[in-house]
1. Any chance region 4-15 includes a residue that's over 27 Å from L220 (Cβ atoms) and over 13 Å from the mean Cα position of the chain (by Cα)?
2. Pairs please, first residue from region 75-96 and under 14 Å from N195 (Cβ atoms) and in a helix (DSSP H, G or I), second anywhere and at pLDDT below 90 and among the aromatic types (F, W, Y), Cβ atoms under 8 Å, 6+ apart in sequence or on different chains.
3. Within region 1-73, which helices (runs of 4 or more DSSP H) (wholly inside it) include 1 or more residues that are in contact (Cβ under 8 Å) with a residue 24 or more places away in the chain, of a type in the set (A, V, I, L, M) and in contact with a Phe, Trp or Tyr (Cβ under 7 Å, 6 or more places away or on another chain)?
4. Looking at the structure I just gave you, is G113 closer than 20 Å to L330 by Cα, at pLDDT 90 or above, assigned to a helix (DSSP H, G or I) and in contact with a Phe, Trp or Tyr (Cβ under 6 Å, 6 or more places away or on another chain)?
5. Scanning region 63-85 for residues that are farther than 16 Å from F109 by Cα and of a type in the set (A, V, I, L, M), which turns out surrounded by the most Cβ atoms within 10 Å (Cβ to Cβ)?
6. Determine whether region 114-121 contains at least one residue that is touching a residue at least 24 places away in the same chain (Cβ under 8 Å), acidic (D, E) and surrounded by fewer than 23 Cβ atoms within 10 Å (Cβ to Cβ).
7. Can we say R150 is farther than 16 Å from G21 by Cα, in a helix (DSSP H, G or I) and in contact with an Asp or Glu (Cβ under 9 Å, 6 or more places away or on another chain)?
Amino acid sequence: MISIYIIPLLVAMFLAINMGGSGTAPSFSAAYGANLIRRDLIPGLFGLFVFAGAVIAGQKVILTVGDDVLPSEHVGITMSVIVLGSVGLALFFSNLLKVPQSTSQATIFALAGPAIYLDVLQTQRLFFEIIPTWFITPVLAFAVAYGFGRFVYLPLHQKIRPFLDFLRKQRALSWFVVGTSCYVAFAIGSNNIANAAAPVMVMARNMLGVETGSASFQLLMLIVVFMLAPMFGIGSSLLGNRVLQTTGKGIAQFGPLGASYIAIITASILLVSSVWRGVPTSLVQMNTAAIIALAMVKNGSGQIWTNTPLKRIFIIWIISPLIAFTLSLLLTWIATLWGII
């Protein structure tokens, strides 16, 4: 019996590996694009800070993903495998195309498929909080990054360049930018690890009869996170270089100040979303929006659309969640026919 319950965990690990590949870009693409960190150092730092973020600030998002779209009583072994597998395959598709994808959106779509099929979709938070947040946060990241770039960064850049050159020689600025990248990884742990951990958590909670919020629940969450967080580092090592090249080198080149600013904006918005409301949202899209804004300030809007992979990125952003939704809906239908749900 115990061996059966390992299957959802293994699928969750597969998902976490793909999330690590996709999540490397928004956390370290700014520092990598500014040539401030070696590629081989990224996976270890990324996995460590993802784990810290999940343990310290990830519980609310885990509960949202686990309970607020598909009712938790429907999440057993089969449903966990269906949801996690659908998201993992959708992200694997995105990683192969070297496009960082929103894990949160793919996961919510994968949960919505079975919920719609079983006629148990919980719409309150989905339509009035989660989906609106998906639109608001990238726009907010773009607006803040553009405003800062236009009225602060660009006017002051030439004036403070000698000071920045001095800091660069002392490596102080490099340490600061890498630190902000670790801050982004922490934010990913607070929000996005829930996409892999929540179905496993709900399944285990139902199986063991653990009360939400109890000491046993906290221990269970720690165990699940401890098993999944290293997979983010593995995914970063195996798949992260492809998406790093797309977002770190393919969209725009940034100096250290711009790189750190992008990291601070996106991570702060994501952390607020995690800690305040527990809403799973897209760091990938916020990061890309901030990169676009700062690139538009530096190079103009024409170049950012004609000489970058943005069109391909936007198309995959639409297709990947739909793949997760379609797969989970189809697999739920098959599982129902076979009588295993």
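1. First, pick out the residues of region 4-15 that are over 27 Å from L220 (Cβ atoms): none.
There is no residue in region 4-15 that is over 27 Å from L220 (Cβ atoms) and over 13 Å from the mean Cα position of the chain (by Cα).
2. L84/F14; G85/F14; G88/F14
3. Values: elements: 2-33, 42-57, 59-67.
In region 1-73, the matching helices (runs of 4 or more DSSP H) lie at 2-33, 42-57.
4. On the way: closer than 20 Å to L330 by Cα: yes; at pLDDT 90 or above: yes; assigned to a helix (DSSP H, G or I): yes; in contact with a Phe, Trp or Tyr (Cβ under 6 Å, 6 or more places away or on another chain): yes.
Considered against the rule, which asks whether it is closer than 20 Å to L330 by Cα, at pLDDT 90 or above, assigned to a helix (DSSP H, G or I) and in contact with a Phe, Trp or Tyr (Cβ under 6 Å, 6 or more places away or on another chain), G113 comes out as yes.
5. The qualifying residue surrounded by the most Cβ atoms within 10 Å (Cβ to Cβ) is L63.
6. Pass one, region 114-121, residues touching a residue at least 24 places away in the same chain (Cβ under 8 Å): 114-118, 120-121.
Filter once more, keeping what is acidic (D, E): none.
There is no residue in region 114-121 that is touching a residue at least 24 places away in the same chain (Cβ under 8 Å), acidic (D, E) and surrounded by fewer than 23 Cβ atoms within 10 Å (Cβ to Cβ).
7. Working: farther than 16 Å from G21 by Cα: yes; in a helix (DSSP H, G or I): yes; in contact with an Asp or Glu (Cβ under 9 Å, 6 or more places away or on another chain): no.
Spelling it out, it is not the case that R150 is farther than 16 Å from G21 by Cα, in a helix (DSSP H, G or I) and in contact with an Asp or Glu (Cβ under 9 Å, 6 or more places away or on another chain).
Condition check ((1) hydrophobic (A, V, I, L, M, F, W, C); (2) at pLDDT below 80) across all residues:
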site	(1), (2)
F226	yes, no
P230	no, no
T246	no, yes
G258	no, yes
S268	no, no
V272	yes, no
P280	no, no
N299	no, yes
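The values are calculated or read from the model by the stated rules, or taken from the named source; none is laboratory data. The structure presented is a predicted model; accordingly, all values stated were derived computationally and were not measured. When we count neighbours, we look across all protein chains shown, and the Cβ atoms used for this are built from the backbone with ideal geometry, even at glycine.
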